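The values are calculated or read from the model by the stated rules, or taken from the named source; none is laboratory data. Nothing here was measured: the structure is a model prediction, and the numbers come from that model. Here the Cβ positions follow ideal geometry from the backbone for every residue, glycine too, while neighbour counts run over all protein chains shown.
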Amino acid sequence: MSERHAGDRIELRGLSAIGHHGVFDHERRDGQTFVVDLVLSVDLEPAATSGDLTRTVHYGELAEQVHAIITGEPVDLIETLALRIVSVCLGHEPVRWVSVTVHKPEAPIEVAFTDVTVTMERSKL
C-alpha cells in the first residue's frame, strides 16, 4: 500500500474564497472564486485516544490559513497557489502526506467547461 493511502486521513473539501490570481489583468483586477480540497495523512490514534487537539491537525486553523493564501498575494498560476497550500499543510507537525486540489471554475476559457483543477501531492521526507 502506498504512503498516500496508508493510515488515517483528514479531508477538508470545498474551501472557497475570492482570489485575484491569474495571468490576465482582468483576473487580477476583478478576482474570481477558487475552491480547495485537502486530503491529509495523519496518524489519528494519539488524538483519538487522548482527546488532545494538539495531537492532530486543527482543521479550523488550517482552513483559515488556506483562506489567507487564496485571498492573499496574487500569483500567476494555480500551480503556485497549490504549492503554497501544500507548504502550509506540511508545516503542521502530524501531517505525513498531503494532496491539494485547487479548482478554478471561472477560468477564462472560451469554450464550455465545468472546472479546471490542479492537484499536487507531497510527503515529508
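List of remarks:
- Total residues in the stretch 32-75, condition in a loop (DSSP other than H, G, I, E, B), touching a His at 6+ places or on another chain (Cβ under 6 Å) and over 17 Å from H92 (Cα atoms): 2
- Residue that is modelled with the lowest pLDDT, among those in the stretch 16-38 that are surrounded by fewer than 19 Cβ atoms within 10 Å (Cβ to Cβ) and of a type in the set (A, V, I, L, M): V23
- A single member of T56, T33, T49 is under 20 Å from the mean Cα position of the chain (by Cα) and over 16 Å from R96 (Cα atoms), and it is T33.
- Selection status of G7, within 29 Å of P108 (Cα to Cα), in contact (Cβ under 8 Å) with a residue 60 or more places away in the chain and in a loop (DSSP other than H, G, I, E, B): no
- The conditions of being crowded, with 16+ Cβ neighbours inside 10 Å, of a type in the set (G, A, S) and either free of Cβ contacts under 8 Å to residues at least 40 places away in the same chain or farther than 18 Å from I18 by Cα (or both) are not met by S87.
- If the condition is being within 17 Å of G31 (Cα to Cα) and among the hydrophobic types (A, V, I, L, M, F, W, C), then the stretch 83-125 contributes V102, A107, I109, V116.
- Pick from the stretch 78-125, criterion among the small types (G, A, S) and assigned to a strand (DSSP E or B), ranking: farthest from the chain's Cα centre (by Cα): S123
- For the stretch 56-84, a tally of residues being touching a helix residue (DSSP H, G or I) at 6+ places or on another chain (Cβ under 6 Å) and touching a residue at least 24 places away in the same chain (Cβ under 8 Å) returns 4.
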